[in-house]
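Here the structure comes first, spelled out in structure tokens, and everything after it is commentary.
What follows is calculated from the coordinates using simple rules that are stated; it is not laboratory data. Source: prediction; values computed, not measured. Using ideal geometry, Cβ is built from the backbone for each residue, glycine included, and neighbour counts are taken over all protein chains shown.
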Amino acid sequence: MFTNKLSKLLTKLLRTQPKYITASVSPASAAPDLMLPPDRLPAHVAIIMDGNGRWAQQRGLPRSAGHAAGTEALRDIIRASDDWGVQALSLYAFSTENWARSKDEVNALMGLLLKYFNSEIDELDEKNVCIRILGDVDGLPEPQRDAVNRAMERTRDNTGLKLNIALNYGGHAELIRAAQALAVKVVAGEMKPEEITNEAFEAELYTAGLPPVDLLIRTSGEVRTSNFLPWQTAYAEMIFDPVLWPDYDRAHYLKNLREYAARDRRFGGVKSAETEPTKETTEGSN
Ligand code: IPE
Ligand code: IPE
Ligand code: MG
């Protein structure tokens, strides 16, 4: 217990001292040109882990084998996020639409989910990771529901990486849920319609309290977001990487983070090096 607390404290202290990421992925990664300044690291990374089925198909294996291989990639990317000081990582593991798959595939995915939580929870807790499920937990089968609820409860006060796993998650459902929660408050007289602000809306989302998504990565080459975090990714940079999820590793992740670091995020403004808006342009826009 004491060792656990001590290691959490150490993790916390280390995380407050951001370092240049040299990422121990290969000898080449230690080269100075692979360094990533901490202020160019996304605070919140979201990943659509896609391509497990195609990975298995290419090998003549059942789709479930692709999902099993995908959990290995998942382990590596969670560890890398923790090592590199990413604040929040949101992973799309099972969508509300994925129930449409065959019973066998859904069962395989649910089985892996249980296995994953049982085998990883000690290490994640040890690393001070705080687990949150995004999605309708009550709609999961009982063993999975219990496992994820226990994991959330156990890691609730952890102050390290915020690991969000989207399970039985749908973006539209999340927005409707938020709208309904606010409507209930208005009807009960607890708030006025004009008090429905960005902040009030965000507070009703599964991601309440987290920074917006800075970088959304989707593997497998599909160029769509498939109902993942529509509100939170409104201003996210997006990278669609052709690699299939089971083949995704730290080296791919680092390459994606470097691409992100090189992008110019303007949020509707102009490049920081360019001029401030002049009086004339401000007046002209009226
Ligand atoms: C992503 O891989 C995992 C889940 C959706 C659960 P897929 O199973 O969608 O793999 P492809 O897209 O069929 O290759
Ligand atoms: C998105 O992948 C869901 C997850 C990765 C969990 P899908 O494979 O289900 O998405 P579509 O059907 O290709 O849009
Ligand atoms: Mg897919």
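Measuring from centroid to centroid over Cα atoms, what is the spacing of segment 61-113 and segment 191-262 in Å?
Distance between centres, Cα-based: 16 Å.
Checking the cross-link filter: which aspartates and glutamates have an alpha carbon closer than 18 Å to that of Lys271, excluding same-chain neighbours under 8 positions apart?
Cα-Cα hits under 18 Å: Asp39, Asp214, Glu237, Glu259.
I need the trypsin sites (Lys or Arg not before Pro) found in segment 92-121, filtered to DSSP loop residues with at most 16 other beta carbons within 10 Å of theirs. Each step should come with its number before you reach the end.
Details: sites: Arg101, Lys103, Lys115; in loops: Arg101.
Filter output for segment 92-121: Arg101.
More than 20 angstrom separation, counting every C-alpha pair in segment 72-196; what % is that?
Beyond 20 Å sits 51 percent of the P(r) for segment 72-196.
Using each residue's phi in segment 161-173, evaluate 6.51 cos²θ - 1.76 cosθ + 1.60 at θ = phi - 60° and report the 3J(HN,Hα) Karplus result to the nearest Hz, with x for Gly and Pro.
3, 8, 9, 10, 10, 7, 10, 6, 9, x, x, 4, 4
Just flag the GluC sites (Glu not before Pro) in segment 155-212 sitting in loop per DSSP whose Cβ has no more than 16 other Cβ atoms within 10 Å. Write out the running numbers ahead of the final one.
Numbers: sites: Glu174, Glu190, Glu194, Glu195, Glu199, Glu202, Glu204; in loops: Glu190, Glu204.
Hits after loop and neighbour filter: Glu190.
Treat the count of other C-beta atoms within 10 Å as a stand-in for reagent exposure and order Ser220, Ser226 from fewest to most.
On the way: Ser220 20, Ser226 14.
Fewest-to-most ranking of Ser220, Ser226: Ser226, Ser220.
Find how much the distance from Arg59 to Ser102 grows on full extension, using 0.36 nm per residue of separation minus their present alpha carbon separation; answer in nm with one decimal. All intermediate terms of the calculation are to be shown ahead of the outcome.
Numbers: separation 43, 0.36 × 43 = 15.48 nm, distance 2.01 nm.
That pair, Arg59 and Ser102, stretches by 13.5 nm at full extension.
What full-extension length gain, to one decimal in nm, is calculated for Glu72 and Val223 as 0.36 nm per residue of separation minus the Cα-Cα distance?
Working: separation 151, 0.36 × 151 = 54.36 nm, distance 2.37 nm.
Taking Glu72 through Val223 to full extension adds about 52.0 nm, to one decimal.
Quick one: if the Förster radius is 45 Å, what FRET efficiency do Asp264 and Ala203 give, using the C-beta to C-beta distance and rounding to 0.05? Don't skip to the end; give the middle numbers.
Details: r = 31 Å, r/R0 = 0.68.
Efficiency for this residue pair is about 0.90.
Are there any trypsin sites (Lys or Arg not before Pro) in segment 119-186 that are in a DSSP loop and have at most 10 other Cβ atoms within 10 Å? List them by number. Numbers along the way, then the final one.
Working: sites: Lys127, Arg132, Arg145, Arg150, Arg154, Arg156, Lys162, Arg177, Lys185; in loops: Lys127, Arg156.
In loop regions of segment 119-186 (DSSP not H, G, I, E or B), the sparsely surrounded trypsin sites (Lys or Arg not before Pro) are Arg156.
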